[in-house]
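*Asks:* Take a look at this one; I'll ask things after.
Read the figures in this text as sums done on the coordinates, not as results from a lab. Remember, it's a predicted structure, so these values are computed and weren't measured experimentally. Here the Cβ positions follow ideal geometry from the backbone for every residue, glycine too, while neighbour counts run over all protein chains shown.
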Amino acid sequence: MREVVFETDRLELCVPCAADVDALAGYWGDPETMKYLGKNGDVWTREQVVQRVERGARYCVERGMTFWTVVEKASGMVIGQGGLVPIAFNGDEIELGYRFGKDHWGKGYATEVAQASAAYGFERLGVEELIAVCYAENEGSRAVLGKAGFVEQGMTDLYYDVRLMLFRMEKPVCEK
Ligand SMILES: CC(C)(COP(=O)(O)OP(=O)(O)OC[C@H]1O[C@@H](n2cnc3c(N)ncnc32)[C@H](O)[C@@H]1OP(=O)(O)O)[C@@H](O)C(=O)NCCC(=O)NCCS
């Protein structure tokens, strides 16, 4: 039984678990999906997915946040991951991120996850500011971040050993 942390209209965000590995290994083993993830767009092996699922579950316990497993309510399918982590899993700032299997793009799911995760961070975790990074060429991700309320800050070399576009969003005044 999956542990649901919070939900949106169409999605559940859940603690990562071993039952997610088959679906996620399929998604993160695809070069097109991984083009703008990580340093060289390398795909992940099943073993790497297992390790990341384990690390993700650990972060839920230690930090109350992670890239949660995203489940589509209508189908019960695992469709991707999204949420909040300390930037690059080791910094002080809190990063919002998301990624979905190709079959699940273009349905507004990334926007739904980004908005709900940001609200969870501000309202439930007491986060004051979120950051996000993406490749400048990743038009889809830039659009999602804009719709979620992030503001573009220019390019940065500070994270993940690559040049990325940096975004920030402060906690909305009405939620302070
Ligand atoms: C990028 C990604 C997260 C977008 O997810 P999605 O669920 O398709 O995004 P949404 O449906 O919420 O789209 C939000 C907006 O972005 C636009 N958009 C989405 N993908 C786009 C693309 N490839 N090019 C241009 N615009 C795009 C949509 O048209 C939509 O705009 P609209 O509301 O004005 O129509 C998804 O393609 C993905 O998982 N890609 C692989 C992993 C990845 O790159 N993750 C982000 C790393 S920073």
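*Asks:* Relative to 2.2 N^0.38 Å, what does the C-alpha radius of gyration of the range 98-143 come to as a ratio? Two decimals please.
*Replies:* Normalised Rg, Cα atoms only: 1.28.
*Asks:* Test of understanding: ordering 70, 133, 173, 15 by Cβ neighbours within 10 Å, fewest first, what list do you get? Working shown, then result.
*Replies:* On the way: 70 30, 133 24, 173 6, 15 18.
The fewest-first ordering by Cβ neighbours comes to 173, 15, 133, 70.
*Asks:* Still on this structure, please answer the following. Among the lysines, which have Cα under 25 Å from the Cα of residue 147 when same-chain residues fewer than 8 positions away are ignored?
*Replies:* Result set, ordered by chain and number: 35, 73, 102, 107, 171, 176.
*Asks:* So if the hydrodynamic radius of the chain is defined as the Kirkwood radius over C-alpha pairs, what does Stokes-Einstein give as its diffusion coefficient at 37 °C and 0.692 mPa s, in µm² per second?
*Replies:* Rounded, D is 203 µm²/s.
*Asks:* Run through the range 35-141 and list the trypsin sites (Lys or Arg not before Pro) located in a DSSP loop whose Cβ has at most 14 other Cβ atoms within 10 Å.
*Replies:* Sites meeting the loop and neighbour criteria: 35, 39, 73, 107, 124.
*Asks:* Restricted to Cα positions, what overall size does the range 35-136 have along the principal axes? Three whole-Å values, descending.
*Replies:* 34, 31, 30 Å, listed from the longest principal axis down.
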